[in-house]
Amino acid sequence: MPEGPDLLSRLGAFARLLHDAGLEAGPRRLTDATRALTFVDLKKEPDFRNALRAVFVSRKEDLPTFEAAFDIFWAPPDPRAAAGVIPGRPRSLPLSPERAKAWANALGLNSSQMDRDQDPRTVPATSSGYSAEELLRQKDFDSMTWQETEQVRRLLEAAPWRVAERRTRRLRSARSGHIDLRRSARHAIRSSGELVQLFRRKPRMRRRPIVLVCDVSGSMERYSRLLMIFAHAIARREDLEAFVFSTRLTRITRLLRQRDIDRALTSVSKGVRDFSGGTRIGDALADFNRRWARRVLGHGAVVIIVSDGWDRGDPDQLTAELIHLRRSAHRLIWLNPLLGSEGYQPLTRGMAAALPYCDDFLAAHNVQALDDLGRMLAKLDSRPVRR
C-alpha cells in the first residue's frame, strides 16, 4: 500500500469512487478513514482493507460495492493479466456509463472491467408497461445508485404541489366581500358626502409555514442525503424552517437557502457536527420547544418530524415534548422511512411513545411517498385538526 502524502491524495480519490458508486463517503468519513489508517500496518493489505471497510461500510448491502471498488482501485496490476483485468475479481460497480468510462480512463482500466455487468438495482430505460421515471418513483431510497439519486433530485425540484393557504387577519381590497366602511367614507368625503361607491375587502390568503425536524442519526444515514434534497426543494418555494438532530438540535434554515444545492448540502454537512451519531428525540424536541417554538410556530405552522423512531432517550420525555409541540402546531406529521418496508410495525419505544400524539403517520422511503405528502399538504383544511 502507498505511504506518505501520496496515500492521502489516493485515499481522497478512492472516497470519490465510493461516492460515485452510491456509498456515503463525504469529508467526515474521509477524515475518519485517515485516522483509522494510523492504527494499522499499511504494508499489510488485509489490515488496510479492514480499516477502510470499517469506516465506509455501514450496511451489509454496501459490502459488495466496497469490495469491488477496493479491488479495482487498490489491487496491484498483474503483469500476466490483460489491461484492467483483476484475476478472481469479476465484480462490477453500480456506476453510470459516463462515470464508469471516466474512472476506467483515470485508473488505466478496461471499460469492461467497470461496467461489464449491469447492477440489478439500476432502473431500465423501458419496462413492460412502466416508464423509467415511474419505476424510479417507486424505488426505495435505500437501494438507489448515485445516478438515480441525481435523477430523484430533479424530480423533487420539479414537484408541482404547493402548501395549502390559510386566511390571515389582514384584509385586502376586493370586488366581493365585506363592505370597507372606512375606505367608502373617505371616498364619500371627496364627493361632498355623497356615498357614491361602496368598497369591499376580504381576508388576505397566505400559504402555511412548514417546520421540518429531521433525524440525521446513524440509523437514518442512508436516507439523510435525499431528505436534505427534499428539504432544499421545499425551501426554494415555501416558507420553511428546517432543523436536524441526532444527539442535539441544529437549525439549518439559512444553509438551505443557498440556490446551489451542492453548496447547500456541503454547508449542512459542515455545520452539523453530530451527523450519523446517536438518537435522542426527546432532548431534541425539548430544545426546540424551549428555544424555537415561539419563533417559528406562528401562523398555523405544519410540523413535520422525519425519523425512524429509534431512540436512546427517555420515552416519557418524548411524550411530554410531543404533547407540548402538538398544542402549538396546526398539524403534526411524522414521516418514517421504514414504514414503506414490508411487514414493518412501529414497535420501537420511541415510535410507540410518539404515535398517539401525531395527526398523521406517513412513509418517506421513495419519491411516491413524498409526492403523497405534498398532495396532502396542498389539501390541508383551513380549520385546525380536531385532537
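What follows is calculated from the coordinates using simple rules that are stated; it is not laboratory data. Computed from a prediction, not measured in an experiment: that's the story for all the values here. Don't worry about glycine lacking a Cβ; one is built from the backbone with ideal geometry, like all the others, and counts go over all protein chains shown.
Below are the figures for this structure:
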item: Anchor residue 43: lysines whose Cα lies under 19 Å away (excluding residues fewer than 8 positions away in-chain); result: none
item: Peptides ranked, highest mean first, by Cβ atoms within 10 Å: ranges 37-49, 317-329; result: 317-329, 37-49
item: Cleavage-rule hits (GluC sites (Glu not before Pro)) in the range 149-195: DSSP loop, at most 16 neighbouring Cβ within 10 angstrom; result: 194
item: Neighbour-limited loop hits for trypsin sites (Lys or Arg not before Pro), the range 144-247 (at most 15 other Cβ within 10 Å; DSSP other than H, G, I, E, B); result: 162, 175, 236, 237
item: Residues whose placed amide H lies under 5 Å from that of residue 171, excluding near-sequence neighbours; result: 204
item: Kirkwood Rh, angstrom, the range 258-308 [1 / mean 1/r, Cα pairs]; result: 13.4 Å
